[in-house]
Amino acid sequence: MFEVSFKEFLEKRTISLEYSSYRLICDIDEATFVKNIGILFEELYYVLFFYEKEIEVVGDPGLIDDYFSISPLYLHTNPEAIDSFLYLEAWYFLKSFQTKWVPREHPYELEPLNPEQMLAVRSTKGVVWVSAPAGSGKTKTLINRVLSLLNQGVPANRILVLAYNTKAAVELTERLRLKMADGSELGDVVIRTFHSFGNEILLRYTNLVLDLDQDEEKAILYEILNEKHRKVNRQSDELIATFTEWIQKIKENLLSKQEIEKLAPHFWDVFMMYLEKQQLRNTYGYEDMLYLVLSMILQNKGLRLMLQSQYEYVLVDEFQDLNPVQLRLIQVLSMPRQNLFVVGDDDQMIYSFRGSSNENTFSFMKRYSLIKRISLCINYRSYENLVRHASWLISHNLHRIEKKIESYSDVSGTITICVGKVRQQLDTILNFVRECVQANVDFVILCRYQEDVLFLQAFLLFHGYETGYSIRKFRKVRSIFLENYPTSFEKTVRSHRISGIDMVWFSLFKIYSVLETKELLEGFPRKLLGRVFVTTVHKTKGNEFDRVCYYYRNHTSCTSEEERRIFYVAATRAKESFLLCSLQVDSFVREYALNENYRLMSNRMLARKILETNQSLENSRFWASLYQKDVVGIQEKIKYQINEEKELYLAGRCREIEQLQKHILELSKQLSSLREEQLFRRTFKNPKNMI
């Protein structure tokens, strides 16, 4: 049995795994043990457990009953203490959570998977982080991992799958149903959104009542502010709205006490009073749900251990979009076994306003010593040049995980960029819609902002296309539309000095006035030409379409990495064709359109390179054709006379043809890229052109 001293280990931080059994000697005091419990657990104890070594601990400080009542206030005052408590608990309970399962007698059939997907599916122990760019088969990998766990004998109710939204949860459930012939275990696999999972826990283990009425939350704040200041009246809606937003931000981001005090002096006291009064009211709202669940699990040792024992495997979809509360929740649930599987793409992190951050991803990867990182690098969704251009764009982000993404398809799609005034863009979008409707293809128009959605819906409805809103619904949103859109358009006009924009805007007032006439209301539906899906980039995340139009209104400064990610998400929804409508050629448009490899190449050099590449391509095709004729001739001779020398010659010729074909393919791609670059340069030289 190999002996390991805690004191020596903390100095060296390495452990040899060549032995089958280990005696861990606790030769440090209690304070040092607690201070370093994270290192001792992650880098020593859990490593030995993971590799199935026999472990004996000598001189254990015996803290099992001292540290497991965790105050939720530590979420804001001492998060490091929470980590220490959880690691101490894991230290004492890890062995008792060890389980062995009997494989299924009749295993489910897995789908065909590429090597990276198969590795993600088969890596069932420990923490697994899967980088899954757009179109790389993320959902397919998740589904087959669940099936693989079931095949290994893991009971269905020991598997927890957490999806980011209801649509993703429904899709996972439906696709699992298709793979499970009898469907007997489907109902036992726990597939939930974070909020539905949290709501189930609150309903099952508390007497709290879900209250979706936000007036209740406002009433609590009015009560607190009146108690503290006695000057707040019922007209202080703006102040209450600000405080409500701050409280939500505190909960989602688990802000520290110091960060809370920066919001406003003494706001920590307001927050404490809010939590106290909310508890007395015995209700909770949708936005409070996960914070309350996390607080309850931390406080209640019995509930915590029960949930950790119940869910042996935790799988998380869209990991990049999790906020600190959700991250902390999955960390607690996956303890002490840490069979935690997360899949996501940091390049698609577009929900920072909800607390998500790429820093969360980076800190997550640093937390676990044995984390396995797997990258799915093949895009099965989009044509080759669409993948290439999207990769050019996102590569300009500095705070990202570097990845090489290739398209499964060798086919080139269509990239069209319309740079011009709004009127020209609207004409282009209208032609795009007409072509898509006529071709009967799946298409979408994406916008950055909701007011743009309303603007285009009104425009297309006026031209006879159904856009998902009835005229009566348009009346309801009109006030929001008219209130917000002129302001944002004024910014556009000021920043780009666009003339004639008011003509377009005021024409929308005419559209609304016409739509409200009784005659048109009665006869309008009979004139609809087809349905058009217009939505924001955020709402279509996770979807794919044959053709995509992105109405890119770039009046803001193009320096934000998140804005670039939003552009990237829009571009990667397209399978075959991507239309970009932009007021001007800003940095994002250039990054998407222009190949960085040719940045220093002049137009004359580019033209010469195209000629040289084309000539090389023709020469390669000529020799490939010649060799092919040679092969045919030799094959005819071999038919009548077996000749070893001819067979060797034939094999050599076949290898040369194969190499030439690869060279031809590379040259074809290079030529296509060069011509594309030339075309984009011409467009940007004269933005009135449309390509």
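Read-outs throughout are calculated quantities, based only on the coordinates presented, and are distinct from any laboratory measurement. Since we're looking at a predicted model, the values are computed, not measured. We place every Cβ from the backbone using ideal geometry, glycine too, and count neighbours over all the protein chains shown.
The phi torsions of the stretch 536-549, fed into the Karplus equation with coefficients 6.51, -1.76 and 1.60 and a -60° offset, translate into couplings of 8, 4, 4, 7, 9, 4, x, 9, 9, 9, 4, 10, 10, 10 Hz, rounded to whole numbers, with Gly and Pro shown as x. For the stretch 386-400, the Karplus equation 6.51 cos²θ - 1.76 cosθ + 1.60, evaluated at θ = phi - 60°, returns couplings of 5, 5, 4, 5, 5, 5, 4, 4, 6, 5, 7, 6, 8, 8, 8 Hz by residue, with Gly and Pro reported as x. The rule of thumb for compact globular proteins, 2.2 N^0.38 Å, goes into the C-alpha radius of gyration of the stretch 272-431 1.44 times. Highest mean packing comes first when the peptides 654-665, 156-167 are listed by Cβ atoms within 10 Å, giving 156-167, 654-665. For the residue pairs Lys218/Lys251; Lys251/Lys541; Lys7/Lys95; Lys138/Lys575, alpha carbon separations beyond 20 Å are given by Lys251/Lys541; Lys7/Lys95. The peptide list 134-143, 116-125, put in order of mean Cβ contacts within 10 Å with the highest first, becomes 134-143, 116-125. In order along the stretch 33-50, the phi-based Karplus estimate (6.51 cos²θ - 1.76 cosθ + 1.60, θ = phi - 60°) of 3J(HN,Hα) comes to 4, 5, 4, 10, 4, x, 5, 4, 6, 5, 9, 10, 4, 5, 4, 5, 5, 4 Hz; Gly and Pro are listed as x. Which shape class, rounded, prolate or oblate, goes with the stretch 15-143 when its Cα gyration tensor gives a ≥ b ≥ c as root eigenvalues, a/c under 1.5 marks rounded, and past that a/b bigger than b/c marks prolate? In terms of gyration-tensor shape, prolate. Highest average first, the peptides 336-344, 147-155 ordered by how many other beta carbon atoms sit within 10 Å of their residues are 336-344, 147-155.
For Ile25, the amide hydrogen comes within under 5 Å of the amide hydrogens of Val4, Ser5, Phe6, Val58, counting only partners 5 or more places away or on other chains and with H modelled in the peptide plane.
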